[in-house]
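Following: one structure in structure tokens, then a few remarks.
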Amino acid sequence: MAEHAIEIEHLWAGYDHEAVLEDVNLTVEEGDFLALIGPNGGGKTTLLKVILGLLEPMRGRVRLFGHDVRRGRRWVGYVPQRVEMDHEFPIRVWDVAMMGRLGQRGLFRRYGAQDERAVERALRDVEMWDLRNRPMGELSGGQKQRVYIARALAAEPRLLLLDEPTASVDPQVRTHIYELLRALNERVTIVLISHDVGVISAYVKTVGCLNRRLFYHGGGEITEEMMEHAYQCPIDLIAHGLPHRVFAEHEDPTERRAL
Amino acid sequence: MIEALQYAFMRNALLAGILVSIACGIIGTYVVVNRIVFLSGGIAHAAYGGIGLAYFLGLPPVWGAIGFSLLASLGMGWAQRKTRQRADTLIGVMWAIGMAFGIILLDLTPGYKADLMSYLFGSILAVPTGDLILMAVLDGLILLVVLLLYKELLAISFDETFAAVQNVPVDALYLLLVCLIGLTVVMMMRVVGLIMVIALLTIPAAISVQWVPSLRRAMVLAAGLAILFSVVGLGISYALNLTSGASIIMVAGLAYLASLVGVRWRARKAASRFALTPLQE
């Protein structure tokens with residue numbers, strides 16, 4: 001059996017003895033493109049923190065590629081939500097992407113030619129190579145997001161983990177970023193958390209809904225039952241039947257490309 | 001002005017200004033990009049407690065200041081990282097207690113305390129050779145640490161969460177950085193005095209990050225600016241018979257205002273160019 005990218009068993013996690021996540025179970029196969037959606041405060045970010053080893057679980061177990069998270073996270077490329085940054089921070093695109101190589105180099109070690117090749121490839125993948133000498137502060141929100149994706153890719157990860165990758169970019173840029181992620185998914189597993197339900201459903205392979213508990217069936221469809229559990233009320237999208245229409249196209253790759 | 005250099009105290013003052021400026025440029029840049037100016041001020045004032053303690057015990061004040069500033073650095077650094085809401089309050093309290101502790105110990109110490117004012121307002125004109133050696137050693141230490149850990153310190157300054165995920169020991173490096181701030185601050189007290197430490201630590205770095213897009217180059221530029229401000233300030237203080245520390249800070253402050261105007265002018269120019277040729281996403 002293939003190794004699981006993420007394996008979560010009976011996870012309880014939260015802050016100050018108050019659980020935000022209750023009994024979460026999730027197995028992500030390699031090659032998957034999973035979106036976790038859910039309302040604000042539903043525990044999406046908490047789950048991400050646990051997967052990244054930034055928050056200790058109260059109960060339960062999380063494994064990345066068969067290892068505990070502190071070892072396994074070296075195969076994880078993390079793209080944070082924070083697109084806004086200190087505009088005066090003196091740093092160029094290239095130097096930000098280079099941070100993705102920190103985990104590959106130890107303390108006191110300089111970056112080498114191998115690191116530079118990985119960063120170049122990552123910047124070309126996200127089409128930011130031409131802007132590699134630009135100061136970060138001069139980039140648009142969408143360009144910054146691409147650089148953060150490049151930084152994650154520079155680590156040559158097997159799993160890409162994204163926190164609201166399109167939270168602060170305009171709709172046109174959002175489409176670009178999802179197209180990019182779909183192309184990247186040919187070689188890396190992708191897990192992203194988001195709340196723009198409508199858009200992601202056209203790109204991802206599987207969807208889970210998170211609201212303290214995880215509603216996940218390993219399928220690409222957002223079922224009415226999942227949404228009702230997650231949001232505790234039927235939401236507009238379901239009423240309009242939009243996800244199902246989108247997912248019908250999802251099954252036909254040629255048609256999808258034409259979109 | 002050149003004839004001023006025939007005096008040994010003037011040569012020492014110049015050398016002290018240069019040595020301190022090097023530390024200032026490097027460490028000040030970290031202070032500015034990490035937004036820990038207030039914490040640095042706290043360390044400087046708490047270090048005054050160490051000076052009081054050293055006087056009380058009859059030890060060299062510099063050693064008291066170094067010991068206390070390192071303790072304050074660790075305490076305040078920990079508060080900044082581990083307490084979510086009221087880090088600034090905790091730092092403010094340590095700031096005040098350190099200062100009060102120093103003053104009370106000085107009260108309890110019998111005899112004349114000539115050096116007291118020199119720590120508040122600086123005494124660059126009375127820097128002994130021993131202090132110059134100490135400054136050079138501290139510069140060497142700072143340079144060594146920053147050369148060895150440049151990429152990690154850059155990463156924790158820019159995005160510490162990402163650094164943590166990359167298995168960088170964020171907490172330990174942060175405390176190391178704060179301790180370097182403590183050492184720098186003690187050196188600077190000699191030159192510009194406790195009250196104006198923050199100005200010389202932050203102004204050159206604040207100017208340079210406005211003009212160069214790389215942390216490394218910002219450090220070099222900030223060190224250069226700090227040297228320039230020290231030398232010009234010293235010259236003015238010599239020529240007009242003014243307090244040296246205050247003269248240095250006034251020069252730095254005016255340069256900062258000029259830089260702010262320059263940055264706005266540059267932004268306006270960029271905006272008009274942007275209007276003519278719209279940039280593509």
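Consider the range A:113-140. How many of its residues are within 17 Å of the chain's Cα centre (by Cα) and in a helix (DSSP H, G or I)?
Within the range A:113-140, the subset within 17 Å of the chain's Cα centre (by Cα) is A:122, A:125-126.
Filter once more, keeping what is in a helix (DSSP H, G or I): A:122, A:125.
The number of residues fulfilling the criteria is 2.
Checking A:ARG63, A:ARG74, A:ARG82 one by one, the residue that is surrounded by fewer than 22 Cβ atoms within 10 Å (Cβ to Cβ), facing chain B (nearest Cβ under 9 Å), outside any loop (DSSP other than H, G, I, E, B) and basic (Lys, Arg) is A:ARG74 and no other. Across the range A:159-196, the number of residues qualifying as within 14 Å of chain B (Cβ to nearest Cβ), under 22 Å from A:ARG124 (Cβ atoms) and not in a helix (DSSP H, G or I) comes to 6. Name the residues in the range A:105-125 that are over 20 Å from B:LEU173 (Cβ atoms), of a type in the set (A, V, I, L, M, F, W, C) and loosely packed, with under 12 Cβ neighbours inside 10 Å, would you? A:ALA113 - this is the single residue of the range A:105-125 that is over 20 Å from B:LEU173 (Cβ atoms), of a type in the set (A, V, I, L, M, F, W, C) and loosely packed, with under 12 Cβ neighbours inside 10 Å. Pairs are defined by a Cβ separation below 6 Å, a sequence spacing of at least 6 or placement on different chains, a first member in the range B:115-130 that is closer than 16 Å to B:ALA65 by Cα, and a second member that is of a type in the set (D, E, K, R) and surrounded by 22 or more Cβ atoms within 10 Å (Cβ to Cβ); the pairs so defined are B:VAL127/B:ARG190. Does the range A:31-47 contain at least one residue that is surrounded by fewer than 18 Cβ atoms within 10 Å (Cβ to Cβ) and part of a strand (DSSP E or B)? For the range A:31-47, residues surrounded by fewer than 18 Cβ atoms within 10 Å (Cβ to Cβ) and part of a strand (DSSP E or B): absent.
Going by the structure shown, is B:ALA13 away from chain A (no Cβ under 14 Å), crowded, with 18+ Cβ neighbours inside 10 Å and either of a type in the set (Gly, Ala, Ser) or assigned to a helix (DSSP H, G or I) (or both)? Judged against the criteria, B:ALA13 is a match. Which one is surrounded by the fewest Cβ atoms within 10 Å (Cβ to Cβ), of the residues in the range A:140-158 that are basic (Lys, Arg) and within 11 Å of another protein chain (Cβ to nearest Cβ)? Looking at residues that are basic (Lys, Arg) and within 11 Å of another protein chain (Cβ to nearest Cβ), I get A:ARG146. All conditions but one from (1) in a loop (DSSP other than H, G, I, E, B); (2) more than 14 Å from every other protein chain (Cβ to nearest Cβ); (3) closer than 26 Å to A:THR166 by Cα apply to A:THR27; the one that does not is (1).
Please go through the range A:85-94 and give me each residue that is assigned to a loop (DSSP other than H, G, I, E, B) and either at positive phi or facing another protein chain (nearest Cβ under 9 Å) (or both), ordered by number.
Taking the range A:85-94 first, the residues assigned to a loop (DSSP other than H, G, I, E, B) are A:85-91.
The answer is A:MET85, A:ASP86, A:GLU88, A:PHE89, A:PRO90, A:ILE91.
All of (1) more than 30 Å from B:ALA206 (Cα to Cα); (2) within 14 Å of another protein chain (Cβ to nearest Cβ); (3) not acidic (Asp, Glu) hold for A:MET58 with one exception: (2).
Of all residues in the range B:136-187, exactly one satisfies the criterion of being touching a helix residue (DSSP H, G or I) at 6+ places or on another chain (Cβ under 6 Å), within 11 Å of chain A (Cβ to nearest Cβ) and hydroxyl-bearing (Ser, Thr, Tyr), namely B:SER157.
A Cβ distance below 8 Å, combined with a sequence gap of six or more or placement on separate chains, defines the contacts here; from the range B:34-49, residues that are surrounded by fewer than 23 Cβ atoms within 10 Å (Cβ to Cβ) reach residues that are among the charged types (D, E, K, R) in the pairs B:ARG35/A:ASP86; B:PHE38/B:ASP88.
Condition first: in contact with a Pro (Cβ under 7 Å, 6 or more places away or on another chain) and touching a residue at least 12 places away in the same chain (Cβ under 8 Å). Can you find one or more residues in the range B:189-211 that meet it? Spell out the reasoning first.
Looking only at the range B:189-211, we keep the residues that are in contact with a Pro (Cβ under 7 Å, 6 or more places away or on another chain), and these are B:209.
Among the residues that remain, those that are also touching a residue at least 12 places away in the same chain (Cβ under 8 Å) are: B:209.
Yes, the range B:189-211 has at least one match.
Residues in the range A:95-139 that are facing chain B (nearest Cβ under 9 Å) and within 27 Å of A:GLU186 (Cα to Cα): A:ASP95, A:VAL96, A:MET98, A:MET99, A:GLY100, A:ARG101, A:LEU102, A:GLY103, A:GLN104, A:ARG105. Yes or no: B:ALA239 hydrophobic (A, V, I, L, M, F, W, C), in a helix (DSSP H, G or I), out of contact with any Gly (no Cβ under 6 Å at 6 or more places or on another chain) and surrounded by fewer than 17 Cβ atoms within 10 Å (Cβ to Cβ)? Yes, satisfied.
In the condition set (1) crowded, with 22+ Cβ neighbours inside 10 Å; (2) within 14 Å of another protein chain (Cβ to nearest Cβ); (3) among the aromatic types (Phe, Trp, Tyr), B:PHE229 is compliant with all but (2).
Test A:LEU11 against the stated conditions and say whether it is crowded, with 16+ Cβ neighbours inside 10 Å, in a strand (DSSP E or B) and either of a type in the set (Lys, Arg) or in contact with an Asp or Glu (Cβ under 8 Å, 6 or more places away or on another chain) (or both). Working first, answer last.
Numbers: crowded, with 16+ Cβ neighbours inside 10 Å: yes; in a strand (DSSP E or B): yes; either of a type in the set (Lys, Arg) or in contact with an Asp or Glu (Cβ under 8 Å, 6 or more places away or on another chain) (or both): yes.
When the stated conditions are applied, A:LEU11 passes them.
Against the test of being touching a residue at least 40 places away in the same chain (Cβ under 8 Å) and small (Gly, Ala, Ser), the options A:GLY141, A:GLY112 yield a single qualifying residue, A:GLY141.
Taking the range A:14-25 as the range and being more than 14 Å from A:ASN211 (Cβ to Cβ) and either among the hydroxyl-bearing types (Ser, Thr, Tyr) or in contact with a Ser or Thr (Cβ under 9 Å, 6 or more places away or on another chain) (or both) as the test, only A:TYR15 passes.
Taken together, the values in this text are just the output of simple stated rules run on the coordinates, not laboratory data. Everything quoted here is computed from the prediction, not taken from an experiment. Note that each Cβ is placed from the backbone with ideal geometry, even for glycine, and that neighbours are counted across all protein chains shown.
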